[in-house]
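**Q** Here it is: the structure, laid out below.
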Amino acid sequence: MTDYWRLTALQTVELLKAGAVTPLELIDNALARIEAVNPKVNAMVTLCAERARDHAKRLMQKPIEQRGPLAGLPIGVKELNDVAGVRVTYGSPIFADNVPEKSDIMVERLEQNGAIVLGMTNSPEFGAGGNTFNEVHGETYNPWNVKLNAGGSSGGAAVALATGEVWLATGSDLGGSLRTPAAFCSVVGLRPSPGRVPSGPGELRFDTLAVDGPMARNVADTALFLDAMAGWHVDIPVSFPAPAEPFLTTAQKKLKPKRVGFYLDPAALPIEAGVKSLCRAAIEKLTGAGLSFEEASPDFSGVGNAFQTLRAVDYATTMRPLLNKHRDKLKAEVIWNAEKGLGLSAEEIGKAHLRRSRLYADMVKFFQDYDLLVLPAAPILPRDIKERWPREINGEQLDNYVEWLKLAALITMTSCPALSLPCGFSADGRPMGLMIVGKPRGEAELLSHAALFEEILGLHDAVPIDPKG
């Protein structure tokens, strides 16, 4: 059997469009790879092989030019998004037997654009937390060292990509859930602008903190995937149309940014020295290739606390019914977050909204002078899988599970698109990424600049791998 799983998504789609391989062959290829490696990492938690084959057969009845941009490529979907007829638990015992009748908007669009859903990727309960484990499916292990945390909440997606189980995988991001696992597994995760990728619809249709987006092994594949999921949808009021030029076309131009601002100590947050060292080395390599970096950043003071407030409001709004009815089945972190929201005052919530509004104004001003902002993608290198969440960083004690996610949350609060790009490995082989932040709704230019960074850093061929450790 040909190892198609070793190819990039773009290469594989080109084979599909050329008729050199069929969607059914790719399904079999991916299933064989999953059988070989998934027992070691637990990334794919529910497979829907027959559903995938039925979809492939329907797709193959169409002319190749009518099969959509993904042309029959198997993908993984994070277990927070509904797929019709497939068990979707959201990582919660409350929904252990849930089989939705209707697919999520994003899933529907992806299937219309030629994606074939092969299965669900693991997530912590309701996506809460930066370590992927839950009481339904268990732990997901980092493929670079299976004793380590793969990041979360899109940990299953990142690991499935890194091990070659699928070519593309969906993710979601509130406090870094696309970016952290991408950094921890040496793949690419893009948090798009709110409204770029319509999904759900959930209870909070006007929400601009949580987004869905693409994950892939490299930047071009990420752009290809974004093309298949972006665009306006009537059910999502914050959504907006896709650009006239495909994201992939712009990404492949590998545009050079004129000026890049970077900051390795935003808002005085604790960040491990090893993380800073890897990011600094990457910036030095990019500078050596002729790119212009300057230490500069908007003022992020107080933004992390404002994020915690607004996040808690969302949890209180969406989780209260489950808190009232199934408190005994919810994990402690979800209960804490919902109760924090229920205890907030109007003044606290108002101040958080004001801080976010002022931050956006500062970002607009910053991007008048700079094309990008670069930060570390995570404050720590991957740690022991058994650590639910970091209790300390650099000796600084953290008193809740959201504290260590504040670095990613700074950018969540801006509404700017942000991409996690592999930037190197520690001496003991733990991956890290750069967080590259683009202008508001500037995904196209962000992807293009990131593709140039990727080419210079030369890490895009590091995956897929066999699990280690």
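The values are calculated or read from the model by the stated rules, or taken from the named source; none is laboratory data. As the structure is a computational prediction, the values presented were derived from the model and not from experiment. Don't worry about glycine lacking a Cβ; one is built from the backbone with ideal geometry, like all the others, and counts go over all protein chains shown. These accessible areas exclude ligands, DNA and RNA; they are computed on the full protein's heavy atoms, side chains included. Shrake-Rupley method; radii C 1.70, N 1.55, O 1.52, S 1.80 Å.
**Q** Does the stretch 134-143 hold any residues that are open to solvent by 10 Å² or more (accessible area, probe 1.4 Å) and part of a loop (DSSP other than H, G, I, E, B), and which are they?
**A** Listed by number, the residues that qualify are E135, V136, H137.
Yes/no matrix, rows are residues, columns are (1) of a type in the set (S, T, Y); (2) in contact (Cβ under 8 Å) with a residue 24 or more places away in the chain:
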{"position": "T89", "(1), (2)": "yes, yes"}
{"position": "S103", "(1), (2)": "yes, no"}
{"position": "A115", "(1), (2)": "no, yes"}
{"position": "L118", "(1), (2)": "no, yes"}
{"position": "S123", "(1), (2)": "yes, yes"}
{"position": "W144", "(1), (2)": "no, yes"}
{"position": "A158", "(1), (2)": "no, yes"}
{"position": "W167", "(1), (2)": "no, yes"}
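**Q** Looking at R191, is it open to solvent by 50 Å² or more (accessible area, probe 1.4 Å) and either within 18 Å of L70 (Cα to Cα) or among the charged types (D, E, K, R) (or both)?
**A** No; evaluated as a whole, the condition is false for this residue.
**Q** Does any residue of the stretch 59-69 turn out to be in a loop (DSSP other than H, G, I, E, B), within 22 Å of the chain's Cα centre (by Cα), within 29 Å of F247 (Cβ to Cβ) and touching a residue at least 12 places away in the same chain (Cβ under 8 Å)?
**A** Yes, the conditions are met somewhere in the stretch 59-69.
**Q** Scan the helices (runs of 4 or more DSSP H) fully inside the stretch 328-422 and keep the ones with 3 or more residues being open to solvent by 70 Å² or more (accessible area, probe 1.4 Å).
**A** 332-342, 346-366
**Q** Another question, if that's okay. Just wondering, is there one or more residues in the stretch 84-102 that are open to solvent by 10 Å² or more (accessible area, probe 1.4 Å), within 19 Å of the chain's Cα centre (by Cα) and charged (D, E, K, R)?
**A** No: the stretch 84-102 contains no residue that is open to solvent by 10 Å² or more (accessible area, probe 1.4 Å), within 19 Å of the chain's Cα centre (by Cα) and charged (D, E, K, R).
**Q** Six or more apart or on different chains, Cβ atoms under 8 Å: show the pairs whose first residue is in the stretch 341-370 and within 30 Å of M319 (Cα to Cα) and at pLDDT 95 or above and whose second is assigned to a helix (DSSP H, G or I) and open to solvent by 60 Å² or more (accessible area, probe 1.4 Å).
**A** G341/T317; L342/R320; A352/N305
**Q** Something else: Going through the stretch 1-53 one residue at a time, which ones are assigned to a helix (DSSP H, G or I) and acidic (D, E)?
**A** E14, E25, D28, E35, E50
**Q** Conditions first: (1) out of contact with any helix residue (DSSP H, G or I) (no Cβ under 8 Å at 6 or more places or on another chain); (2) closer than 30 Å to F126 by Cβ; (3) open to solvent by 20 Å² or more (accessible area, probe 1.4 Å). G274 passes all but one, so which condition is the exception?
**A** Tallying (1) out of contact with any helix residue (DSSP H, G or I) (no Cβ under 8 Å at 6 or more places or on another chain); (2) closer than 30 Å to F126 by Cβ; (3) open to solvent by 20 Å² or more (accessible area, probe 1.4 Å), G274 fails exactly one: (2).
**Q** Hey, does the stretch 144-156 have a residue that's part of a loop (DSSP other than H, G, I, E, B), of a type in the set (V, I, T) and surrounded by 24 or more Cβ atoms within 10 Å (Cβ to Cβ)?
**A** no
**Q** OK, next. E108 passes all but one of (1) assigned to a helix (DSSP H, G or I); (2) without any contact (Cβ under 8 Å) to a residue 24 or more places away in the chain; (3) more than 19 Å from L168 (Cα to Cα); which number fails?
**A** Evaluating E108 over (1) assigned to a helix (DSSP H, G or I); (2) without any contact (Cβ under 8 Å) to a residue 24 or more places away in the chain; (3) more than 19 Å from L168 (Cα to Cα) leaves (3) as the failure.
**Q** So S448 passes all but one of these: (1) over 19 Å from G151 (Cα atoms); (2) more than 19 Å from the chain's Cα centre (by Cα). Which condition number does it fail?
**A** In the conditions (1) over 19 Å from G151 (Cα atoms); (2) more than 19 Å from the chain's Cα centre (by Cα), S448 misses (2) alone.
**Q** Pull out all pairs, ordered by first then second residue, where Cβ-Cβ is under 7 Å, the residues are six or more apart or on different chains, the first lies in the stretch 410-422 and is under 7 Å from M435 (Cα atoms), and the second is open to solvent by 10 Å² or more (accessible area, probe 1.4 Å).
**A** Going by the 7 Å Cβ cut-off, the qualifying pairs are L421/E454.
**Q** Condition check: touching a Ser or Thr at 6+ places or on another chain (Cβ under 8 Å) and either under 27 Å from D207 (Cβ atoms) or open to solvent by less than 30 Å² (accessible area, probe 1.4 Å) (or both). Does V260 satisfy that?
**A** Answer is yes for this residue.
**Q** Now for a different question. Consider A30 carefully, then state whether it is at pLDDT 95 or above and surrounded by fewer than 23 Cβ atoms within 10 Å (Cβ to Cβ).
**A** No.
**Q** Still on this model: Under the condition of being in a helix (DSSP H, G or I) and not aliphatic (A, V, I, L, M), which residue from the stretch 428-469 is surrounded by the most Cβ atoms within 10 Å (Cβ to Cβ)?
**A** Top of the filtered list is E443.
**Q** Taking into account only those residues within the stretch 159-188 that are of a type in the set (G, A, S) and under 16 Å from G424 (Cα atoms), which is surrounded by the most Cβ atoms within 10 Å (Cβ to Cβ)?
**A** Filtering first and then ranking leaves A182.
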